[in-house]
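Asker: The structure under discussion is supplied below as structure tokens; questions concerning it will follow.
The values are calculated or read from the model by the stated rules, or taken from the named source; none is laboratory data. What you are looking at is a predicted structure, and each value in this text was computed from that prediction instead of being measured. Backbone-built Cβ (ideal geometry, glycine too); neighbour counts: all protein chains shown.
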Amino acid sequence: MQAHPVRLSPGDDLRDALEDVLRQTGMPAAFVIQGIGSLGIAQLRFAGNEEATELRDDLEILTLAGSLSSDGAHLHMSVADPRGRMFGGHVGRGCFVRTTAEILVVLLPEHRFSRELDSASGFMELVIRSSSTG
């Protein structure tokens, strides 16, 4: 396990930047442990919805966590608007950093993550393998 702190800059796409961490490090698996910062636009898919909802405002990232694999990211985030209202859900593409985002990614070189169809849930779910088992 290797800690890998990341700082994103204004205009960066949160999800794209985190998916790039795996490509840049060459690691097969990682977890986002926590993130804070601000967004100008958030794309959150709320529970039970198929499409993301776009939020445009000065948004503070309160929590950010999830898994990263070569198949992409599975991230959840909570944000607050200037009035203190909170929103949370699944992170889509198009979450753009307003001033900064400070994120702790834990790289897992001893594991490989993939997403495969789970017959019980009907969704593409995380499959965890040891790197030594191929």
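Asker: Which condition does E50 not pass, out of (1) closer than 23 Å to P10 by Cβ; (2) loosely packed, with under 14 Cβ neighbours inside 10 Å, if it passes all the others?
Answerer: The single condition E50 does not satisfy is (1).
Asker: Ok, one more. Modelled with pLDDT of 95 or more, assigned to a strand (DSSP E or B), within 19 Å of A17 (Cβ to Cβ) and touching a Phe, Trp or Tyr at 6+ places or on another chain (Cβ under 8 Å): does that describe L64?
Answerer: For L64, the condition - modelled with pLDDT of 95 or more, assigned to a strand (DSSP E or B), within 19 Å of A17 (Cβ to Cβ) and touching a Phe, Trp or Tyr at 6+ places or on another chain (Cβ under 8 Å) - is not met.
Asker: How many residues, within segment 104-134, are loosely packed, with under 14 Cβ neighbours inside 10 Å, outside any strand (DSSP E or B) and in contact (Cβ under 8 Å) with a residue 12 or more places away in the chain?
Answerer: Final tally of qualifying residues: 3.
Asker: Also, I was wondering about something else. Output the residues belonging to segment 12-71 that are under 30 Å from S130 (Cβ atoms) and among the small types (G, A, S).
Answerer: Correct list: A17, G26, A29, A30, G35, A65, G66, S67, S69, S70.
Asker: Pull out all pairs, ordered by first then second residue, where Cβ-Cβ is under 7 Å, the residues are six or more apart or on different chains, the first lies in segment 85-103 and is free of Cβ contacts under 8 Å to residues at least 60 places away in the same chain, and the second is surrounded by fewer than 21 Cβ atoms within 10 Å (Cβ to Cβ) and aromatic (F, W, Y).
Answerer: Going by the 7 Å Cβ cut-off, the qualifying pairs are G89/F46.
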